[in-house]
């Protein structure tokens, strides 16, 4: 699994968790993968960022947990499925399996450390 640098932001007032790869700017399209999660892709249809509205509710955790600066996202996909996992301080807090309707195949860990 390739590791890439992630920068995240949690807006407690609006309960929004978002993150993007540090070496990427903007996105070309966004896809709803389920659980309130959107993956944003670049012009090559590769994921570069994510957005989660109502994050504490969507992820089933307290808002205080999402304020932790150490967030990691694991994305592992093949031509059929996407496995999307979120970790806070090395603890897995969320896992989602979704059908891969988007055409990308990757195995990446996006990490703030």
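The values are calculated or read from the model by the stated rules, or taken from the named source; none is laboratory data. All figures in this text were calculated on a predicted structure; none of them were measured in a lab. Ideal geometry is used to build each Cβ from the backbone, glycine not excepted, and the neighbour counts take in all protein chains shown.
Of note:
- Test: residue in region 74-89 that is surrounded by fewer than 17 Cβ atoms within 10 Å (Cβ to Cβ), at pLDDT 90 or above and in contact with a helix residue (DSSP H, G or I) (Cβ under 9 Å, 6 or more places away or on another chain): yes
Results for (1) within 12 Å of the chain's Cα centre (by Cα); (2) at negative phi; (3) in a helix (DSSP H, G or I), shown as yes or no for each residue.
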site: 7; (1), (2), (3): yes, yes, no
site: 24; (1), (2), (3): no, yes, no
site: 51; (1), (2), (3): yes, yes, no
site: 58; (1), (2), (3): no, yes, yes
site: 61; (1), (2), (3): no, yes, no
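- Any hit, region 6-16, residues being more than 24 Å from residue 105 (Cβ to Cβ), surrounded by fewer than 15 Cβ atoms within 10 Å (Cβ to Cβ), touching a strand residue (DSSP E or B) at 6+ places or on another chain (Cβ under 8 Å) and in contact (Cβ under 8 Å) with a residue 24 or more places away in the chain: yes
- Number of the exception - residue 93 against (1) farther than 23 Å from residue 11 by Cβ; (2) modelled with pLDDT of 95 or more: (1)
- Restricting attention to region 27-42, the residues being over 16 Å from residue 77 (Cα atoms) and free of Cβ contacts under 8 Å to residues at least 40 places away in the same chain number 6.
- For residue 70, the conditions (1) touching a residue at least 24 places away in the same chain (Cβ under 8 Å); (2) within 21 Å of residue 97 (Cβ to Cβ); (3) more than 11 Å from the chain's Cα centre (by Cα) are fulfilled apart from (2).
- Here residue 31 qualifies as within 15 Å of the chain's Cα centre (by Cα), in a strand (DSSP E or B) and under 15 Å from residue 101 (Cα atoms).
- Region 73-87, subset touching a residue at least 24 places away in the same chain (Cβ under 8 Å) and under 15 Å from the mean Cα position of the chain (by Cα), residue nearest to residue 7 (Cα to Cα): 73
- Condition met for residue 44 (at pLDDT 95 or above and surrounded by fewer than 17 Cβ atoms within 10 Å (Cβ to Cβ)): no
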